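These notes are about the structure you will find just below.
The values are calculated or read from the model by the stated rules, or taken from the named source; none is laboratory data. Everything quoted here is computed from the prediction, not taken from an experiment. Glycine gets a Cβ as well: all are built from the backbone with ideal geometry, and neighbour counts include every protein chain shown. For accessibility, only protein heavy atoms count, side chains too; no ligands or nucleic acids. Shrake-Rupley method; radii C 1.70, N 1.55, O 1.52, S 1.80 Å.
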Amino acid sequence: MQELFKDLTVSMVVSWWGAFVATGLAIIKVMETLRDRTRIDVGTSLTTSVNVGHEIRIRNLSPRPIMLLIGKFTMPHLFVL
C-alpha cells in the first residue's frame, strides 16, 4: 500500500481535489442552466373565415418571466379576383 502512495505529494492531492470540485461545480451549473432556460409553447388555431380570424396561444413554461412583443402581420393580396 505504501508503494502505491510513495510518489504522492501534497500539491498532487490539492490539484486532484481542485479538479474534482471544479468538475462537480461545472456539472451543477450546467444542470441549473438547463433547468432555468427560457421555454415557450406556441399553439395556433387557424380559420378560413375572415370575420373570425386566427388564434395564437403562447405559454411560458420557464420559471422566469418573459416579455412578448406583439405585432400584426398582414399578407398583401397578390391576386385580385
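Worth a mention:
- Residue-level accessible surface for residue 31, protein heavy atoms, 1.4 Å, Å²: 120 Å²
- For segment 3-74, accessible area per residue (1.4 Å probe, heavy atoms of protein chains only), Å²: 97 Å²
- Rounded accessible area of residue 44 (nearest 10 Å², 1.4 Å probe): 80 Å²
- Scaling the Cα radius of gyration of segment 5-62 by the globular reference 2.2 N^0.38 Å produces a ratio of 2.52.
- For residue 20, solvent-accessible area (1.4 Å; no DNA, RNA or ligand), Å²: 140 Å²
- In this structure, residue 55 and residue 26 have a Cβ-Cβ separation that, at R0 = 35 Å, corresponds to a calculated FRET efficiency of about 0.20.
- Segment residue 17..residue 62, full-extension length gain: 12.7 nm, with 0.36 nm per residue of separation and the alpha-carbon distance subtracted.
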